[in-house]
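Notes follow the structure.
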Amino acid sequence: MAERKARVERNTLETQITVEINLDGTGKSSFETGVPFLDHMMDQIARHGLVDLNIVANGDLHIDDHHTVEDIGITLGQAFKQAVGDKKGIRRYGHAYVPLDEALSRVVIDLSGRPGLMMDVPYTRGAVGGFDVDLFEEFFHGFVNHSMVTLHIDNLKGKNTHHQIETVFKAFGRALRMAIETDERMADIMPSTKGCL
Ligand SMILES: [Mn+2]
């Protein structure tokens, strides 16, 4: 199988972002985004997805985190789509349940070729360490719209907001890992009766 890597640079008047991704990595990551809580969460994607991720972002944080978080999601989605290639030989679907103490989340992903986000996370607080948690929906919207995946995210239980969102990101990493895994029986087979995705 060809290397599943990509490097995408996306520049707008609001943000300048570079994402490097290796889907067949070991979970190494580095982040320079100016949004430490997002970095902590994206670290979970790398670690639990076993993808290598390097992300550098210069955004208009003097306004707020919104553009930076959304545009990182978009750029990550573009890089993911490019790295995943023609999807031959992969599992396509992935799912995971991840707990963290009292919190429990489920993430289900389909590399369907169609963007879709169904996200239900009843946050118990609106912010963690000054970070507006509703921005995570913007992040995942950006991701699905540009990676062309269907993503169902449900936080099933949780009292601590940090735990709620951390279980979402860990489960997302795990589900992603399952979906992009290769299955040798499918070496040259497209995981769709349409013959393309
Ligand atoms: Mn944490």
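Of everything listed in (1) open to solvent by less than 40 Å² (accessible area, probe 1.4 Å); (2) within 18 Å of LYS170 (Cα to Cα); (3) in contact with a helix residue (DSSP H, G or I) (Cβ under 6 Å, 6 or more places away or on another chain); (4) away from the ligand (no atom under 16 Å from the Cβ), the single unmet condition for LEU50 is (1). Within segment 98-146, being touching a residue at least 60 places away in the same chain (Cβ under 8 Å), within 25 Å of ALA83 (Cβ to Cβ) and among the acidic types (Asp, Glu) holds for ASP110, GLU138. The residues of segment 101-125 that are within 27 Å of ASP24 (Cβ to Cβ) and touching a helix residue (DSSP H, G or I) at 6+ places or on another chain (Cβ under 7 Å), listed by number, are SER105, ARG106, VAL107, VAL108, ILE109, LEU111, PRO115, GLY116, LEU117. For GLY77, the conditions (1) in a strand (DSSP E or B); (2) under 21 Å from ARG47 (Cβ atoms) are fulfilled apart from (1). Considering segment 90-197, the qualifying strands (runs of 3 or more DSSP E), each wholly inside and each with 3 or more residues that are open to solvent by 40 Å² or more (accessible area, probe 1.4 Å) and either more than 20 Å from THR68 (Cβ to Cβ) or within 16 Å of the ligand (Cβ to nearest atom) (or both), run over 93-100, 103-110, 150-157. May I ask you to list the residues in segment 28-47 that are within 24 Å of VAL108 (Cα to Cα) and more than 16 Å from the ligand (Cβ to nearest atom)? Across segment 28-47, the qualifying residue is only LYS28. Residues in segment 57-73 that are assigned to a helix (DSSP H, G or I) and either among the β-branched types (Val, Ile, Thr) or within 14 Å of the ligand (Cβ to nearest atom) (or both): 3 in all.
The values are calculated or read from the model by the stated rules, or taken from the named source; none is laboratory data. On a predicted model such as this, the values are computed, not experimentally measured, just so you know. Glycine also receives a Cβ, built like all others from the backbone with ideal geometry; neighbour counts cover every protein chain displayed. For the accessible areas, the whole protein counts, side chains as well, though only heavy atoms, and no ligand, DNA or RNA atoms are used. Shrake-Rupley method; radii C 1.70, N 1.55, O 1.52, S 1.80 Å.
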